[in-house]
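The values are calculated or read from the model by the stated rules, or taken from the named source; none is laboratory data. Here the structure is a predicted model, which means the values were calculated and not measured. Virtual Cβ from ideal backbone geometry, glycine too; neighbours counted across all protein chains shown.
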Amino acid sequence: MICPNCSTSLKRTERTGQVCSHCHRRFALDPKVHGQGMHDLRIRRCAESLTDGGRLTVTLTQLWYRARTQSRAWQAREARGVPPWIRRLVTLPVSAGLLVYWALNSGIPADLAVIAAVAVLIAAPKLFPYQSALTAGSYLSPPEERFRQLMTGEWQSAYGALPAGVVNDVRHTPRPARAEPSRAEPSRPRAVILCTDRAVAVFLRANDIPLRLRAVLVEAKPGAAHESLVDVPDRLPLVVLHDASALGALLAPLLRIAHPDRAVIDAGLPVPAARRRKGAVHRVTPVRGVDPAELRAVAGLSEDDAAWLAEGFWSPIAAVHPPLLAGVVEKAVERAVAEGAARAGSAPVYGFLTWPDADGAADEDTSRKKGTTTA
């Protein structure tokens with residue numbers, strides 16, 4: 001690997017203990033020790049890309065999604081083929097009979113019996129294959145907890161801080177409900193940004209995006225979104241940020257019903273784009289009580305998109321390239337303010353904000369693309 005401090009090409013024996021034998025300076029990550037793609041230069045490139053050359057501050061969660069080396073998701077399947085116990089119930093007696101014939105006889109017929117017995121045992125699994133049932137699932141490498149440990153442990157030990165422009169969103173504590181407005185909130189807000197993702201909320205605050213747009217940022221879980229708007233000034237236009245998930249897809253339509261006097265702009269990650277996009281992060285979390293028919297009727301999703309969500313698939317908005325995400329939020333707030341000027345009670349129906357067809361999150365390096373599959 002290349003030493004991130006002196007750019008010397010180091011052999012395994014020349015970097016023992018994450019210390020370069022040439023410049024004698026410590027570095028954080030060694031791909032042979034910490035896993036494929038985990039080395040300082042690559043992490044710095046990922047951070048540089050996310051922060052748009054230092055213009056933005058991003059979160060550790062966003063860096064994890066960008067620095068992942070594998071992203072796999074698979075659909076559920078039912079058991080297929082002949083179960084092994086049935087196959088053995090047939091092949092073992094046949095093979096035993098052939099071996100008994102071989103033991104009681106001699107010559108070419110007996111030799112052929114032995115060959116046939118072996119052939120039956122070898123060929124049966126191939127002629128009658130079996131695949132066990134599989135539940136839908138997903139896997140990201142490195143896992144989030146492992147990546148956080150590396151960055152807050154090895155990286156901070158080597159450099160004293162996280163990569164430039166990266167903050168640890170786990171340490172962030174949201175402002176308690178009914179607390180006095182902070183200096184980070186505008187005195188005369190013109191819109192509300194409802195965000196259901198902690199990392200994205202931290203990202204927006206860290207870059208003063210709500211303050212600059214004169215918007216109140218409300219952080220809430222999808223199931224508690226209505227309650228979170230209790231202390232927000234009435235009739236302010238609402239921008240909703242959410243994952244491409246079952247609850248996320250239903251959030252904006254339900255808020256329009258609950259708040260008919262508000263203009264509601266759905267700026268969440270669109271399900272069709274997230275499901276079909278090559279390189280998008282697909283995750284699976286078991287969901288209960290999600291009816292595909294309800295998703296089609298309420299959220300206006302296609303049959304395929306609704307079935308995908310009902311099976312537990314979702315895509316995180318935190319994985320969207322930060323410069324793109326910031327731009328979408330800015331456009332959504334401006335659109336919400338313009339639509340909010342409509343006469344009271346009109347509450348027009350607004351669809352998904354149009355997201356660009358390409359983003360930096362898809363600009364993956366070779367090690368990340370290799371072996372990556374999505375469902």
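Things worth noting here:
- Residues in region 275-288 that are more than 10 Å from the chain's Cα centre (by Cα), surrounded by 18 or more Cβ atoms within 10 Å (Cβ to Cβ) and either among the hydrophobic types (A, V, I, L, M, F, W, C) or assigned to a loop (DSSP other than H, G, I, E, B) (or both): Arg277 alone.
- Test: Ser346 is polar (S, T, N, Q) and either modelled with pLDDT of 90 or more or under 21 Å from Arg214 (Cα atoms) (or both): no
- For region 233-261, a tally of residues being part of a loop (DSSP other than H, G, I, E, B), without any contact (Cβ under 8 Å) to a residue 60 or more places away in the chain and within 24 Å of the chain's Cα centre (by Cα) returns 0.
- Of the candidates Leu99, Leu127, the single residue that is loosely packed, with under 13 Cβ neighbours inside 10 Å and not assigned by TED's automatic domain parsing to the domain that holds Arg68 is Leu127.
- Scan region 294-321 for residues that are surrounded by fewer than 21 Cβ atoms within 10 Å (Cβ to Cβ), touching a residue at least 24 places away in the same chain (Cβ under 8 Å) and in contact with a Lys or Arg (Cβ under 8 Å, 6 or more places away or on another chain) and the total you get is 2.
- Test result for Arg212, loosely packed, with under 15 Cβ neighbours inside 10 Å, in contact with an Asp or Glu (Cβ under 9 Å, 6 or more places away or on another chain) and without any contact (Cβ under 8 Å) to a residue 24 or more places away in the chain: yes
- Count of residues meeting criterion [assigned to a loop (DSSP other than H, G, I, E, B), in contact (Cβ under 8 Å) with a residue 12 or more places away in the chain and not hydroxyl-bearing (Ser, Thr, Tyr)] in region 1-48: 20
- Residue within region 69-87 that is at pLDDT 85 or above and either touching a Lys or Arg at 6+ places or on another chain (Cβ under 9 Å) or over 30 Å from Thr135 (Cβ atoms) (or both) present: yes
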